[in-house]
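Engineer: Got a structure for you, questions after.
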Amino acid sequence: MHIAICIATCRRPNLLGALLKSLATLSFKKQPVPRLDVVIVDNDPGAPVKHIVDAGRAACPWPIHYSSEPVRGIPSARNRAVRNALALGVDYVAFIDDDEFPDPYWLDELISVRERFDADVVQAPVVPAYGGDVPRWVIRGRFFERSRRLTGQTLELGATNNALIAIRWFTNHERPFDVTFGLSGADDTQFFMRIRRQGARMVWADDAVVWEHVAPERATMRWVLRRALRGGNGFVFAERSVGISGARTCLRFGKALSRILLGATLLPVGALCGREGIVRSLQTMCVGIGALAALAGIRVEEYKVVYGK
């Protein structure tokens with residue numbers, strides 16, 4: 001099995017360096033060691049992380065391929081990474097974000113679950129790694145924790161923050177990630193929605209863990225609420241781009257209004273629980289507001305700002 005580990009990066013040299021060090025520790029106990037290549041695409045045309053990549057090559061046992069994508073936006077960087085992986089003749093692409101680091105048996109688990117369930121896509125958990133300077137209310141509120149599932153559970157949605165994907169789902173698309181989502185995100189949500197409709201089998205692997213660095217500048221009320229706004233906004237744009245019925249649009253409108261109403265109703269109760277309770281109520285409202293904005297054709301471009309170093 002030949003796998004390309006694909007990483008899109010932008011102005012995060014320290015985090016990218018930590019990720020490359022962690023990739024050097026990958027181990028395999030359930031599966032034979034695959035043929036691995038690491039594909040890095042720098043979304044800053046100035047190539048500021050090239051020296052980090054050069055340093056990482058000395059420690060990493062896997063070949064590292066580095067290129068720059070001058071067109072700003074996560075989908076453009078991901079598309080370049082996929083093109084580079086296709087040129088290598090790989091069987092699968094494993095995506096991981098540049099602010100994450102994997103468990104040593106991360107890829108072993110992804111491959112094992114793929115083999116066990118004959119899946120086209122294997123998605124796995126992203127767990128927050130908090131630094132000492134993250135406020136306690138953020139940790140108590142669990143704002144960076146994502147839901148987890150049983151291994152083998154079938155999925156309707158996916159993301160590229162921790163996923164193994166069969167290369168055949170990229171071969172017929174010059175730009176599999178929609179560049180109209182350039183600075184708004186959710187291009188990966190749209191990609192998985194699309195291939196799911198085309199018959200891709202997507203399953204969960206709960207032991208294939210990666211950790212996400214929670215930077216201090218992200219551990220704020222403003223960031224949490226903006227992420228919620230973008231989440232609701234991007235999901236609706238993704239749904240609309242793959243084609244949904246008028247009835248579905250009405251349903252999405254109703255759900256957006258209900259989230260806003262629910263958040264507003266819970267706000268006084270949330271205030272009794274401290275700051276995390278207030279933010280949780282506002283977060284629910286922001287998801288609904290973001291969805292309404294999308295229905296009105298307004299995009300939330302969260303990725304104009306890069307968080308982390």
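The values are calculated or read from the model by the stated rules, or taken from the named source; none is laboratory data. Quantities reported herein were computed from a predicted structural model and do not represent experimental measurements. Glycine also receives a Cβ, built like all others from the backbone with ideal geometry; neighbour counts cover every protein chain displayed. Quick note on the areas: whole protein, heavy atoms, side chains included, nothing else; ligands and nucleic acids left out. Shrake-Rupley method; radii C 1.70, N 1.55, O 1.52, S 1.80 Å.
Engineer: Does segment 223-274 come out rounded, prolate or oblate, given a ≥ b ≥ c as the square roots of the eigenvalues of its C-alpha gyration tensor, rounded meaning a/c under 1.5 and, failing that, prolate meaning a/b above b/c?
Structural biologist: Oblate is the answer for segment 223-274, as a/c is 1.5 or above yet b/c matches or exceeds a/b.
Engineer: Report, by chain and number, residues whose modeled amide H sits under 5 Å from the one on Ile64, excluding near sequence neighbours (fewer than 5 apart, same chain).
Structural biologist: Val38
Engineer: According to the square roots a ≥ b ≥ c of the eigenvalues of the Cα gyration tensor, what is the shape class of segment 189-309, taking rounded for a/c under 1.5, prolate for a/b larger than b/c otherwise, and oblate for the remainder?
Structural biologist: Taking the square roots of the gyration eigenvalues as a ≥ b ≥ c, segment 189-309 is oblate.
Engineer: Mind checking the per residue accessible area of segment 90-202 for me, 1.4 Å probe, whole number of Å²?
Structural biologist: On a per-residue basis, segment 90-202 sits at 41 Å².
Engineer: Let me ask another. Could you give the angle, 0 to 90 degrees to the nearest 10, between helix 221-242's Cα long axis and the longest principal axis of the Cα atoms of the chain?
Structural biologist: With both axes taken from Cα atoms, the answer is about 80 degrees.
Engineer: Return the long-range amide H neighbours of Cys10 (sequence gap of 5 or more, or a different chain), with a cut-off of under 5 Å between placed amide H atoms.
Structural biologist: Distant-sequence amide H within range of Cys10: Asn43.
Engineer: Hey, which aspartates and glutamates would be in cross-link range of Lys255, C-alpha to C-alpha under 12 Å, not counting anything within fewer than 8 residues on its own chain?
Structural biologist: In chain and number order, there are no partners.
Engineer: Return a whole-number percent for the relative contact order of segment 150-276, with Cα pairs under 8 Å and 6 or more residues apart as the contact set.
Structural biologist: Relative contact order of segment 150-276: 30 percent.
Engineer: Rounded to the nearest 500, what is the 222 nm mean residue ellipticity of the chain from helices alone, with -39500 (n - 2.57) per DSSP H run of 4+ residues and division by all residues?
Structural biologist: Theoretical 222 nm ellipticity from helices: -14500 deg cm²/dmol.
Engineer: With θ set to phi - 60° and the Karplus curve 6.51 cos²θ - 1.76 cosθ + 1.60, what are the ³J(HN,Hα) couplings of segment 103-113 in order, to the nearest whole Hz, using x for Gly and Pro?
Structural biologist: Karplus-based 3J(HN,Hα) across segment 103-113 equals 5, x, 9, 3, 6, 4, 5, 4, 5, 4, 5 Hz.
Engineer: Moving to a separate point now. DSSP loop (so not H, G, I, E, B), at most 15 other Cβ within 10 Å: list which GluC sites (Glu not before Pro) in segment 185-281 pass both filters.
Structural biologist: Hits after loop and neighbour filter: Glu217.
Engineer: Between 0 and 90 degrees, rounded to the nearest ten: what's the tilt of helix 246-272 against the longest Cα principal axis of the chain?
Structural biologist: The helix 246-272 is inclined about 70 degrees to the chain.
Engineer: Something else about it: For the chain, rounded, prolate or oblate, judged on the Cα gyration tensor with a ≥ b ≥ c (square roots of eigenvalues), a/c < 1.5 rounded, else prolate if a/b > b/c?
Structural biologist: prolate
Engineer: Calculate one ³J(HN,Hα) per residue across segment 30-37 by plugging θ = phi - 60° into the Karplus curve 6.51 cos²θ - 1.76 cosθ + 1.60, and present them in order as whole Hz with x for glycine and proline.
Structural biologist: Along segment 30-37, the couplings run 8, 10, x, 5, x, 7, 10, 10 Hz.
Engineer: Run the accessible area of the chain with a 1.4 Å probe and give the carbon-and-sulfur part as a rounded percent.
Structural biologist: The nonpolar share, carbon plus sulfur, comes to 55 percent.
Engineer: For segment 232-294, what is the accessible area per residue in Å² when the probe is 1.4 Å?
Structural biologist: Accessible area per residue, segment 232-294: 50 Å².
Engineer: Give me the percent relative contact order of the chain, please, defined on Cα pairs under 8 angstrom at least 6 residues apart.
Structural biologist: Result for the chain is 20 percent.
Engineer: So what's the angle, to the nearest 10 degrees on a 0 to 90 scale, between helix 13-23 and the longest Cα principal axis of the chain?
Structural biologist: Helix 13-23 sits at roughly 60 degrees to that axis.
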